[in-house]
Amino acid sequence: MAAPGENLKINPDRLWDSLMEMAQIGPGVAGGNNRQTLTDEDAAGRALFQKWCEEAGCSLGLDQMGNMFARREGEDPEALPVYVGSHLDTQPTGGKYDGVLGVLGGLEIIRTLNDLGIKTKHPIVATNFTNEEGTRYAPAMLSSGVFAGIHTQDWAYERQDAEGKSFGDELKRIGWRGEEETGARKMHAFFELHIEQGPILEAENKDIGVVTHGQGLSWTQVTLIGKDSHTGSTPMPMRRNAGLGMARILEKVDEIAWSHAPHAVGAAGHIDVYPNSRNVIPGKVVFTVDFRSPDLSVIEDMEQRLRLDGQTIAQEMGLEISFEKVGGFDPVAFDETCVSAVRSAAERLGYSHMDLISGAGHDACWINRVAPTAMVMCPCVDGLSHNEAEEISREWAKAGADVLLHAVVETAEVVG
Ligand code: HGY
Ligand code: MN
Ligand code: MN
């Protein structure tokens with residue numbers, strides 16, 4: 001496939017302006033975003049994305065998981081499209097770029113090709129996957145997971161948020177449940193532009209991460225049952241303190257992850273304490289342990305040790321313990337042809353680059369099961385993400401979107 005000329009570039013100001021306009025929807029309290037999936041804010045962000053795509057001449061598709069597809073026609077309507085996208089939903093204290101850069105980077109490609117009157121053999125489809133974050137509804141990457149046949153749609157519809165509202169009901173309530181069968185679409189290839197969400201690219205002074213692999217993820221929800229009792233009048237030997245049990249288990253989680261240094265990581269970000277009253281010993285805690293590693297055998301070892309150590313601690317303290325696997329995927333190796341298109345684009349455009357393993361999970365990790373897939377990453381300041389202070393430079397956004405443009409256009413094959 002002929003590579004595009006090095007002068008083919010996106011419009012960086014237009015991309016940046018779109019990022020800043022989208023960031024106005026579902027603002028956080030500290031400069032970032034709280035546009036959680038299937039909220040009214042999510043609906044508003046979707047509507048803005050749809051408006052922009054229609055203005056760019058795209059035809060819009062929507063599947064039964066709310067995944068959005070904005071199609072720019074190719075010269076060969078029978079050719080499978082090249083998809084390019086990510087997610088618009090954010091963490092409760094999320095940044096302006098996580099996911100959004102990939103969705104609006106896809107739109108910017110379509111806008112740029114329109115400006116230049118460039119035609120491609122394969123159609124190009126800008127994409128927004130529902131509920132990548134997995135915060136309001138576990139697991140993460142839920143809708144790309146249904147699209148790739150990992151989860152059934154019925155199971156996904158039954159997921160409940162902390163208030164007991166189901167995914168299916170909320171998707172319908174915000175009016176973004178489509179008719180298309182989820183996963184019926186076939187892809188020629190899929191590309192996702194994403195901020196690194198880690199410190200490597202900035203530390204190595206590289207503009208572009210050529211993502212060859214994605215590390216695997218494991219989410220185990222742990223429930224500990226003790227006994228609510230008075231924090232003042234209950235003698236220490238009589239306490240069944242589920243909160244203390246959790247603290248001891250989380251110490252073990254840290255120890256287990258460190259035992260597989262330097263690549264493994266482990267922590268708990270979700271913790272519910274009941275009754276969560278200042279003068280009641282917690283009788284119940286529910287928390288989710290997030291383990292990750294590029295090596296599947298390391299993930300399996302960490303999961304096993306969590307269960308063994310958790311049972312020992314619970315037994316010693318007279319607590320009941322149960323475990324539920326609530327999310328996870330194996331380490332991912334992306335498609336070599338697509339990865340090479342990313343790498344050669346960075347070289348052609350003169351952007352510093354390095355191969356990278358993605359530390360975070362992404363929709364691309366599931367789509368990689370059903371189509372040749374690769375990712376482009378750009379640095380973020382101090383490697384910070386899932387924090388309202390998440391920041392990138394205009395130059396990094398431009399470099400990432402330029403490389404994405406070249407990889408997509410090369411794969412979609414310019415004609416005429
Ligand atoms: O959890 C993840 O890695 C992604 O940010 N959802
Ligand atoms: Mn993301
Ligand atoms: Mn995220």
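Taking Cβ-Cβ under 4.7 Å as the only way to count a partner, pick out the unpartnered cysteines of the chain.
For the chain, the answer is Cys338, Cys365, Cys378, Cys380, because their Cβ atoms have no other cysteine Cβ under 4.7 Å.
Output ³J(HN,Hα) for the stretch 208-224: one whole-Hz value per residue in order, computed from phi by the Karplus curve 6.51 cos²θ - 1.76 cosθ + 1.60 with θ = phi - 60°, and x for Gly and Pro.
10, x, 8, 7, 8, 9, x, 6, x, 9, 9, 10, 10, 8, 10, 10, 10
What is the magnitude of the charge dipole of the stretch 13-171 about its Cα centre, with +1 placed on the Cβ of each Lys and Arg, -1 on the Cβ of each Asp and Glu, and no other charges, expressed in debye to the nearest 20?
280 debye
Could the peptides 403-416, 344-357 be put in order, highest first, of the mean number of other beta-carbon atoms found within 10 Å of their residues?
403-416, 344-357
I'd like the Karplus ³J(HN,Hα) series for the stretch 135-144: coefficients 6.51, -1.76, 1.60, θ = phi - 60°, whole numbers in Hz, and an x wherever there's a Gly or Pro.
After applying 6.51 cos²θ - 1.76 cosθ + 1.60, I find 7, 5, 10, 6, x, 5, 6, 4, 7, 5 Hz.
Taking the alpha-carbon distance from Lys206 and a cut-off under 17 Å, which lysines remain once sequence neighbours fewer than 8 residues away in the same chain are dropped?
Lys398
Highest mean first, what order results for 181-190, 81-90 on Cβ atoms within 10 Å?
Ranking the peptides 181-190, 81-90 by packing returns 81-90, 181-190.
How much accessible area per residue does the chain have, counting only protein heavy atoms and a probe of 1.4 Å, in square angstrom?
Solvent-accessible surface per residue comes out at 41 Å².
Leaving ligands, DNA and RNA out of it, report the carbon-plus-sulfur percent of the accessible area of the chain at a 1.4 Å probe.
49 percent
Can you list the HN-Hα couplings for the stretch 111-122, worked out from phi with the Karplus curve (6.51, -1.76, 1.60; θ = phi - 60°), rounded to whole Hz and with x for Gly and Pro?
Taking θ as phi minus 60°, the curve returns 4, 5, 5, 4, 4, 8, x, 7, 10, 10, 5, 8 Hz for the stretch 111-122.
Putting +1 on Lys and Arg Cβ atoms and -1 on Asp and Glu Cβ atoms, find which of Leu244, Gln50, Ser277 reaches farthest to the positive end of the dipole of the chain.
The Cα lying farthest towards the positive end belongs to Ser277.
Ranked highest first by average number of other Cβ atoms within 10 Å, how do 381-394, 99-112, 37-50 line up?
The most tightly packed comes first, giving 99-112, 37-50, 381-394.
Take every DSSP beta bridge whose two residues both sit in the chain, then give the antiparallel share in percent to the nearest 5.
70 percent
Excluding residues on the same chain fewer than 8 positions from Lys186, give the lysines whose Cα lies under 17 Å from its Cα.
Leaving aside lysines fewer than 8 places away in the same chain, those within reach of Lys186 are Lys121.
Let me spell out the model: positive unit charges on the Cβ of Lys and Arg, negative unit charges on the Cβ of Asp and Glu, origin at the Cα centre of the stretch 317-389. What dipole size does that give, in debye rounded to 20?
240 debye
Dipole of the stretch 161-222 (Lys/Arg Cβ +1, Asp/Glu Cβ -1, origin at the Cα centre): which of Leu171, Gly209, Gln221 lies farthest to the positive side?
Of the listed residues, the answer is Leu171.
The values are calculated or read from the model by the stated rules, or taken from the named source; none is laboratory data. Keep in mind that this is a model prediction, so the values were computed, not measured. We place every Cβ from the backbone using ideal geometry, glycine too, and count neighbours over all the protein chains shown. Surface accessibility is based on the protein's heavy atoms, side chains included, excluding ligands, DNA and RNA. Shrake-Rupley method; radii C 1.70, N 1.55, O 1.52, S 1.80 Å.
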